[in-house]
Every structure is written in structure tokens, then in C-alpha cells.
Amino acid sequence: MTESASIAQEFYKIREYWRSIDQQPGWKLMIWLAEYQDVDILDKFMETERSPVGVFDDIFFRFDSIYSGDDKEFVKELWQEFRAWFMPAPQEKHDIIKALKNDGLLLEDYTPPEGIEESIDRLWLEMLAFKKCIKDLGDTNFCIYFPPSLPTGPKMGGWFNNVLDRVPKGIRLATIDYVHSRKVDLGAKATTGKVKELQPKLKMLAAISNEMDKGSGNSDTTSTDARFTKQIRVVLDVTLKKDSDLLSKEVETLFMLSKKMGGESHVLSGYMVAAQAYYMIVDFKTSEAYADEAVSRAEVLMEKDKSTGYHLWKTCVMLKGAILVARKKRKEGIILYDGLAKTAAAHEDPYTAMEGNRFSGQLYYELDKLPLAFETLLLGLVCGSYLDREMIRQSTFMQIAALAVYIGKQIKNTKEMAVLEEQLALWIGDDWQELLQSADLEKATVRRKKTLFETT
């Protein structure tokens, strides 16, 4: 028997969850921790608050730029989107400035300045400058919503970690994360008071079922785009049932819709979701096959479109790497991650180049090839040194440093280690030794156990 639940009831539950933190001072980032089937209604709630029928005092904005793993590129895209807010919209209902003028709320015109450094800090300042142009806001916050990326996309926790301490008063950030595939896991920062995590207990599957039983539906689901997005959720939901036959059926439907969408990027997304889904049900062989297809297609796309193709390609490669690591195919993993590091360096992407060397160095370490591990980790540190210090101290650069020091003490003499230690002090700061002795970084030196039958 279907549970007694409705979409409206679940929506109002979400509203009460937000109400529980709305008036709490101090927090700078709110993360919805969502089951796959709950993501859509959480997104609809955030959209509703962005509209005139929203009930909370905060002024909600939304950035649709997709985080690709490149922090600088992401900030550049946020700026482009911010500027677009102030351009005349084709449809009047989407014109922010015109709506404010019509309501008599705009005290003076605002135009984003040109010819400035487009940093995230300056973006916050410009949003506050825009806020001053709006009547009667007082202590009202701007709440900036970042929708969730695909579960197969790069993790965004590092970016939020980097910007969190610099979010000024009057601005709050919000996003949606996946409970079973965290993309915005801030670790210790999640307990500082600056971060709020809400994990709503919803009955969306029952609510949707009830709506279908009543014969009602959302007209948006008739579009291929909406059906494709919905099918991604369906595929990921099926992974919870561990039913390989049912998953195969739903993946075929996903492929059919991805081809109807048109464009290689959508087809690629289909293969990436399929690879992730089979990874989640521990069918690594099928997962790897789909990942291989995604990487091959991304390589072709990268030749046609250097920028967009590269971002898709590196996401595919990272997924393939995770599968190889899970299958303990260490030698293949090293080749893959070395290639990732070289390509990332060619695309002036120091963070990904650092990550490629980090994973490769870890695999050499697991194979007990300490000199090669040490050399590769040093390459990772050099790549990471192009990041600013704050990001260095909050990123996986620290894990690389911890493992490099651990290995170096086993294979290098005191004089050679002194050179590395001096360099770490320059990159990280004088407190580098204290930071590397933290409990979390001690895990960086743990080597996974080998099994008798594993493939290296």
C-alpha cells in the first residue's frame, strides 16, 4: 500500500527545515544533504524562494555555472553570469533590474564595473554594492545558491573550503550535496558554526507515486531535457536496490535520452553516469567498460573543443582512475594518472596536475616503489605550489607533503631532506610540521593491504 504522502507535504517539510536555521546568525554555508530522489524538490524549494512567492526574508540568487575542478575558470564563469543578470532579458519576467524598478525598490542604477580583477572576493563586494542600491534591505542577507553538479562530477568541497572564511557579512551560500556520494564534504569546518548541514527526511518516492496514481503530472517531464535529468535520478536510485538487470534496463533508457538530447557532451554524461552507477553496485568490470568509452569520446571532443572538451575529459579520467584503484590495477592506474598530470599541465591546470601526481605517487607507494613514489610526489608538490597559500593549506597538497616526508625519511639522507623541508616551509608556512602531524594527514601514509589474487 502506498504511503500517505504528497509533494506539497514534502515541500512544506523542507520549508520548516530551512526555517530552523533562517534566523540563526553566523553561518555562511548551508548544505542540503539529499537522497538522490529528493534533489529535485530541494532545488524547486530554492527556486521558489528566488521568486516573489518565497516566504523568507533573504534575497535568493542562483548561479548555474558548473564547477569543473578549475577554481579560476569557475570564478571567471561566475563573473560572466553575474554580469548577465544586469543585461536586458528576452522575457520581462526574467529581467531583475526591470522588476526592481517596476516595484519601486531600486534606489539607483547598478552596473557591474569593467576592467577589474575578477576574483571571488571582488564578486562578493560587488553583490553587496548592488544590495545597497535596493530599498529597505537593512540586515537582509543575499543567499547565493549553487545547484548540485552531477554525482559523477568533481568534488567542490575544496572550493567552498577556500572561499568560506572570506564570505562577508550580508552574504550566505547554499548548495545541495548527495548523502551517498559527497561532493561538498568540509570535514572539520562543518562543525565550526560557519556551516549548517540539513538532512531532510522525506518520502518523495511515495509522494511521486501518489501523484502519478492521481493522474497528475508535471508538464516539464515531457521535454527530453527534463526526462534525461529525471532518468539520471532513476538510474542512481536503482543502484540502492543492487539489481543489475533493472539497472541495465534503466541505463539503456538513459542512453536513448542522451542521444535525443543531441551533442556529444550529453552522450558523454550518459556514459559517465552509467560508469558511476555500476561502480556503486560493485560491478567494476562493467563500470570500467563504460568509463573507457567515456574517456575515448572525451578525447575526441577535446581535439575539437580544447576548453570544454578538456574539462569533460579530466572528469572521465578521474572516474576511470577510481575504478582502476578499486580493482587494484595499480600499474594501469599509474599510466592513467601520469597522463592526466601531463595533460593538465599542458592546459595550465595546476590543481589537476597536482592530483594526477598525487594518485600516481600513492600507487607507486602501494607497490613499494619508494624512489618512484617520492619523485612523483615531488612533482605533485611543484604543481601544487602554483596555488595560493590558503588553498595549499586546505587542499590535498598537504597529503602529498605528508607522504613525501614519510617516504623521504626512509630513502633520503638528512641533507636531502633539509632541502625538501625548507621548501615546504616556503610553500606551506613555518608551521608546516605541526600541520603535517594532524590525525587526518597521518592517514596519508597508510598503505592499502594487498590480497593474494590481486592484479597490480
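Residue pairs whose Cβ atoms lie under 9 Å apart, sitting 6 or more positions apart in sequence or on different chains, and linking a residue in the stretch 373-402 that is among the acidic types (Asp, Glu) to a partner that is assigned to a helix (DSSP H, G or I), are GLU375/GLY361; GLU375/TYR364; ASP388/ASN162; GLU390/ASN162. Of the helices (runs of 4 or more DSSP H) lying entirely inside the stretch 224-314, those containing at least 1 residues that are loosely packed, with under 15 Cβ neighbours inside 10 Å span 224-239, 244-261, 284-304.
Do the conditions hold for SER296, that is, is it at pLDDT 90 or above, within 28 Å of THR229 (Cβ to Cβ) and out of contact with any strand residue (DSSP E or B) (no Cβ under 8 Å at 6 or more places or on another chain)? If you could, list the steps in order and put the result at the bottom.
Working: at pLDDT 90 or above: yes; within 28 Å of THR229 (Cβ to Cβ): yes; out of contact with any strand residue (DSSP E or B) (no Cβ under 8 Å at 6 or more places or on another chain): yes.
Criteria met by SER296.
Per the listing ILE323, ILE335, the residue uniquely open to solvent by 40 Å² or more (accessible area, probe 1.4 Å) and at negative phi is ILE335. When ALA425 is tested against (1) modelled with pLDDT of 90 or more; (2) out of contact with any helix residue (DSSP H, G or I) (no Cβ under 6 Å at 6 or more places or on another chain); (3) surrounded by fewer than 16 Cβ atoms within 10 Å (Cβ to Cβ), exactly one condition is not met: (2).
The values are calculated or read from the model by the stated rules, or taken from the named source; none is laboratory data. Just so you know, these numbers come straight off a predicted model, no measurement behind them. Reconstructed Cβ throughout: ideal geometry from the backbone, glycine too, with neighbour counts over all protein chains shown. Heads up: the accessible areas ignore ligands, DNA and RNA and are worked out on the full protein's heavy atoms, side chains in. Shrake-Rupley method; radii C 1.70, N 1.55, O 1.52, S 1.80 Å.
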